[in-house]
Amino acid sequence: MAVFAAEERGYLYAVPLPERPVTLIAWSAEPLLMPLEEVLDEHERVAVVLADRRQARLFTIYLGAIE
């Protein structure tokens, strides 16, 4: 999970990740996104279509989740 915080009181934004990136804690005015970008690069979006003569179903897989 990646957590972002801001000066605004009580602002926290958590992002679930499909795998654990390198453990790192950074405190800066600019977010450190390189470890997150590396995880996203390893998990490209994939689409799968299941079809027959009557119907088709489309599934997308991204970051370990299927829709």
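Taking amide H atoms as placed 1.01 Å from N in the peptide plane, the amide H of ALA2 lies under 5 Å from those of VAL15, LEU17, each 5 or more residues away in sequence or on another chain. Other residues with beta-carbon under 13 Å from the beta-carbon of LEU58 carry, at +1 per Lys or Arg and -1 per Asp or Glu, a net charge of +1. Split the accessible area of the chain by element, probe 1.4 Å, and carbon with sulfur accounts for 55%. Looking at segment 1-54, the chymotrypsin sites (Phe, Trp or Tyr not before Pro) that sit in a DSSP loop and have at most 10 other Cβ atoms within 10 Å of their own Cβ are TYR11, TRP27.
Computed from point charges on the beta carbon alone (+1 for Lys and Arg, -1 for Asp and Glu), the dipole magnitude for the chain about its Cα centre is near 500 Debye. Remark: the ALA5-ARG53 segment gains 12.2 nm on full extension, using 0.36 nm per residue and subtracting the alpha carbon distance.
When the Cα atoms of the chain are aligned to their principal axes, the ranges along those axes come out at 56, 25, 16 Å in descending order.
For the chain, the per residue solvent-accessible surface stands at 97 Å², with DNA, RNA and ligands left out and a 1.4 Å probe.
The gain in end-to-end length when the TYR62 to TRP27 segment is fully stretched comes to 9.7 nm, 0.36 nm per residue minus the alpha carbon separation.
The values are calculated or read from the model by the stated rules, or taken from the named source; none is laboratory data. Since the model is a prediction, treat every value here as computed from it, not as a measurement. Here the Cβ is made from the backbone with ideal geometry for all residues, glycine too, and neighbour counts use every protein chain on show. The accessibility values were calculated without ligands, DNA or RNA, using every heavy atom of the protein model including side chains. Shrake-Rupley method; radii C 1.70, N 1.55, O 1.52, S 1.80 Å.
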